[in-house]
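Just so it is clear, none of the values below were taken in a lab; they were calculated from the coordinates. Predicted model, so just to flag it, every value in this text is computed and none were measured. All Cβ positions, glycine included, derive from the backbone under ideal geometry; neighbour counts span all protein chains shown.
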Amino acid sequence: MIDIAASHRKRLGCSKIAQALGLSSLGTAYQLWEQYTGRAPWPNIGNQLRVALGEPMEDVLRPFVADLLGRDLRRDRKEYLHESLPLIGHVDYRASALNGEKRPVVDMKTSLGWGARNRFGADGTDEVDDDVLLQMQGYLLLTGAQTAYVAALVPGPELKLFTITADPDIHALIAEGLENFWWHVTNDMPPDPQTLTDAGRRWAQSLAGQTVTADEDALALLAQLRDLKARQKALDYERDLAELALKTRLGTAEALIGPDGKPLCTWKTSTRRSVDTAALKSAGLYETYTKVTESRTFKLKGEK
């Protein structure tokens with residue numbers, strides 16, 4: 001039996017193409033690089049319910065998808081490896097071929113998480129997010145098929161079907177992006193950070209006394225950041241005034257109701273438990289149960 005988890009640590013699985021290219025909503029290229037270079041652990045998904053339900057749910061959906069396509073579906077246990085790229089693929093099903101075509105790829109998305117509504121558009125279209133689109137294009141690149149069908153089970157539940165056609169331009173983008181990402185892996189060189197979280201992870205500690213002299217680009221960035229912060233402060237003030245006006249209307253009421261009787265906003269009482277640090281200090285226990293963590297704080301000088 002193929003150890004999919006192990007093989008995906010030596011090559012890049014199609015579901016990670018978007019992340020490697022810096023186009024994923026599920027993670028950054030830097031975070032993926034950390035995993036491939038051993039700086040971060042691989043996520044343990046073996047005990048997740050959605051994973052355990054994956055293949056059984058696919059078998060449940062199989063006759064419905066076959067009926068929608070008007071084709072037979074056959075499980076595909078083959079491991080697809082690209083001859084020159086560090087790319088690997090394991091597809092769910094292959095559909096029966098029509099008119100001499102290569103058997104289309106059929107992929108099942110069975111997670112009923114509410115985020116699925118943002119990943120998929122109108123039924124019968126090709127409106128899928130970048131993660132799914134690039135995964136399917138990766139499968140098409142590996143198999144040589146011209147068509148991939150995505151059967152997505154979304155909250156409702158509702159079964160939607162999307163058609164993805166092989167695109168040589170996207171295949172070229174994938175090839176270039178994977179070669180670039182894999183260069184960073186094999187040379188142990190981190191890709192550029194995409195988010196503030198990436199930057200914080202890459203440069204977790206500062207060196208005492210080390211400074212960098214500002215050039216024209218840095219000075220321009222500082223001016224831009226100060227301007228953005230000033231505008232954000234003004235927007236925050238206007239937001240707070242609007243929220244105050246709504247809370248003044250609510251008073252002791254817990255909800256503002258629209259003409260249709262549905263709540264438009266709520267202001268409900270909630271209870272939160274917290275630790276009494278003063279009591280811990282007086283009992284001499286504060287230091288014993290205090291956890292010290294390090295982080296870097298970014299500040300603009302002269303800013304209040």
*asked:* If packing is taken as the average number of other Cβ atoms within 10 Å across a peptide's residues, how do 121-130, 150-159 rank, most packed first?
replied: 150-159, 121-130
*If you build a Gaussian network model of the chain, linking Cα atoms that sit under 10 Å apart, which residue out of Arg202, Arg273, Arg62 swings the most?*
Arg273
*Contour minus Cα-Cα distance for Ser7 and Asp260 (0.36 nm per residue)*: 85.6 nm
*R0 = 41 Å: FRET efficiency of Tyr289 with Gln210, Cβ-based, nearest 0.05?*
0.75
_Loop by DSSP (not H, G, I, E, B), at most 15 other beta-carbon atoms within 10 Å: where is the longest site-free stretch of the chain for chymotrypsin sites (Phe, Trp or Tyr not before Pro)?_
1-113
*Partner aspartates and glutamates for Lys78 [C-alpha distance under 20 Å; skip if fewer than 8 residues away on the same chain]*: Asp3, Glu55, Glu58, Asp59, Asp92, Glu101, Asp107
*Out of Ala278, Ala172, Ala214, any idea which swings most in a Gaussian network model of the chain, alpha carbons joined below 10 Å?*
Ala278
*Size of electric dipole in the chain: Cβ of Lys, Arg +1 and of Asp, Glu -1, about Cα centre, debye, nearest 20*: 1140 debye
*Considering only Ile174, Ile164, Ile257, give the residue with the highest GNM mean-square fluctuation for the chain, with springs between Cα atoms whenever their separation is below 10 Å.*
Ile257
_Longer than 31 Å from Cα to Cα, which of Lys10/Lys102; Lys10/Lys109; Lys16/Lys291; Lys16/Lys102; Lys233/Lys268; Lys16/Lys262 are they? Say none if no pair is._
Lys16/Lys291; Lys16/Lys262
*Stretch gain in nm, segment Leu159-Gln232, where the contour uses 0.36 nm per residue and the Cα spacing is subtracted*: 22.1 nm
_For a protection proxy built on the mean count of beta-carbon atoms within 10 angstrom, sort 224-233, 14-23 highest first, please._
14-23, 224-233
